[in-house]
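The values are calculated or read from the model by the stated rules, or taken from the named source; none is laboratory data. What you are looking at is a predicted structure, and each value in this text was computed from that prediction instead of being measured. Ideal geometry is used to build each Cβ from the backbone, glycine not excepted, and the neighbour counts take in all protein chains shown. The area values use the complete protein model at the heavy-atom level, side chains included, leaving out ligands, DNA and RNA. Shrake-Rupley method; radii C 1.70, N 1.55, O 1.52, S 1.80 Å.
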Amino acid sequence: MALLTEPQVADLEQTVQRIRRSVEEHSRWFEGALPLIASENLLSPYAKELLISDFHSRYAEGLPGERYYEGNHWVDEVERECLRLARELFRCNFADVRPISGTVANLAVLKAMAEPGMRIGSCRLAEGAHISSAGFGAFGLRSVKPVYYAFDTEEMQLDVDATKRILTTERPPLALFGLSLFLFPFPLKELQETLRDIGALGWYDGAHVLGLIASGVFQDPLHEGCAVLSGSTHKTLPGPQHGILLSDSEDAELKKHLTSAAFPGVTSNHHLNEMAALAVSLAEHLAFGKDYARATVANAKALGAALHQRGFQVLCAHKGFTESHQVAVRMEAEGGGDAVAKRLESARIVANKNLLPGDKSPNHPQGIRLGTQELTRVGMGPSEMDAVAELMDALLHKGKSPEEVGNRVLELKKNFTKVRYCFAAGEAAYRYYHLVGAPGG
Ligand code: DSN
């Protein structure tokens, strides 16, 4: 092997240090910021530790006890535990924890349940649907022909009667219920009879609201007519970036298809370190998830109300703004979603521009989307949500500078640095807070 020259060593050293510095600076900046991206969350210390374990370096294709590789004794133990915890948390008889992301889980569902060119019921992107249901996304890979539901943009909810008529006329064999801008539960119970009449299977993409579903504070799709629940595991369920498939169906054939779609269909090796971290996250969610989910939704409602009081155009004021972790705000008067998201970032408040009904351009939408799951995870409560709204008001309505508002963000955030609602061995007081909910909340 050729030895590196001195300049090559120096160059390599510089490259490595540059990368490390960027990651460290990123982490420090986020510690002093208010992250409100609705699809993100923080891992618990125990789950995080497992991400850099030796599980990261190994292969385990197949299922526990039926692998194509040796050396999987402990991987099998952990995966069996992970599957057991997933079935318990979601009150169901089937789980597959091998999809490596929410989109990969959706691809697995499409592989298992959709013939190429099939018609599938769905919401539109501009109504909040995920890119999985776009022609340029997962739907396109299976040449799916979407059958769009009727969406009531005032209610941010399906128009039940009109959707029933569309389903009855179009008769798609599969009906997807899922959103990225996800404010309210779908009217699944109301649509259940129609789906049964036309012989359609229900599929719920619960990525955003998975932790709320697990905790029983949103809706229970597997027991409201959906055969399959897919999702990512790192939003309101505060686990590692990963995916999951769940079902409570008695249809063994369907579960066989889902299993083979997960592997070898859409994954080769699954990411074993993430699977182990997921097992810890599921166990923690069983213990602390109810308190956490309730606090997350209460915070979203409080943030919606606090912004509304300050003159922001928060969607669905007439029905309490939201039933999930998300709040959607129309920022037309403040310069549009794109400009607002950038200005917020300059003051250490992190949000994303978001398409709202009526928007034409995904690059210049009028909306922003805010999620409270991460601030709740570090212990913030309704009074901090009021403070967040006050900071946004100061920046976007009262002409305060990003520097001034950013300093106030630093001040607010410095008391909220620890991840809560998780197991922390040996820290009795900390565990107590986890059990009773967050201080200040
Ligand atoms: N696109 C992500 C979001 O909703 O932010 C989900 O994959």
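What tally of residues in the range 385-416 results from selecting those that are open to solvent by 20 Å² or more (accessible area, probe 1.4 Å) and among the aliphatic types (A, V, I, L, M)?
Looking only at that region, the number is 4.
Please go through the range 331-355 and give me each residue that is farther than 21 Å from L410 by Cβ, within 14 Å of the ligand (Cβ to nearest atom) and among the hydrophobic types (A, V, I, L, M, F, W, C), ordered by number.
Within the range 331-355, just L355 meets the criteria.
The conditions are (1) closer than 19 Å to E88 by Cβ; (2) open to solvent by 40 Å² or more (accessible area, probe 1.4 Å), and S260 fails exactly one of them. Which is it?
So S260 meets the others, but not (1).
Got a sec? Which helices (runs of 4 or more DSSP H) wholly within the range 1-104 have at least 1 residues that are polar (S, T, N, Q), within 30 Å of L395 (Cα to Cα) and open to solvent by less than 60 Å² (accessible area, probe 1.4 Å)?
Answer list for the range 1-104: 6-31.
If I filter the range 108-124 for residues that are farther than 30 Å from A162 by Cβ and surrounded by 15 or more Cβ atoms within 10 Å (Cβ to Cβ), do I get at least one hit?
Yes.
For the range 280-306: of the residues being open to solvent by less than 10 Å² (accessible area, probe 1.4 Å) and of a type in the set (A, V, I, L, M, F, W, C), which is nearest to R80 (Cα to Cα)?
Out of the qualifying residues, it is L282.
This table checks each residue for (1) within 16 Å of the ligand (Cβ to nearest atom); (2) among the polar types (S, T, N, Q); (3) open to solvent by 10 Å² or more (accessible area, probe 1.4 Å); (4) within 25 Å of F139 (Cα to Cα).
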residue	(1), (2), (3), (4)
E193	no, no, yes, no
D197	no, no, yes, yes
A200	no, no, yes, yes
A207	yes, no, yes, yes
P221	no, no, no, yes
G225	no, no, yes, yes
V228	no, no, no, yes
G231	yes, no, no, yes
H242	yes, no, no, yes
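Among residues belonging to the range 125-144 that are in contact with a helix residue (DSSP H, G or I) (Cβ under 6 Å, 6 or more places away or on another chain) and more than 20 Å from S361 (Cβ to Cβ), point out the one that is most open to solvent (accessible area, probe 1.4 Å).
So, considering only residues that are in contact with a helix residue (DSSP H, G or I) (Cβ under 6 Å, 6 or more places away or on another chain) and more than 20 Å from S361 (Cβ to Cβ), the one most open to solvent (accessible area, probe 1.4 Å) is R142.
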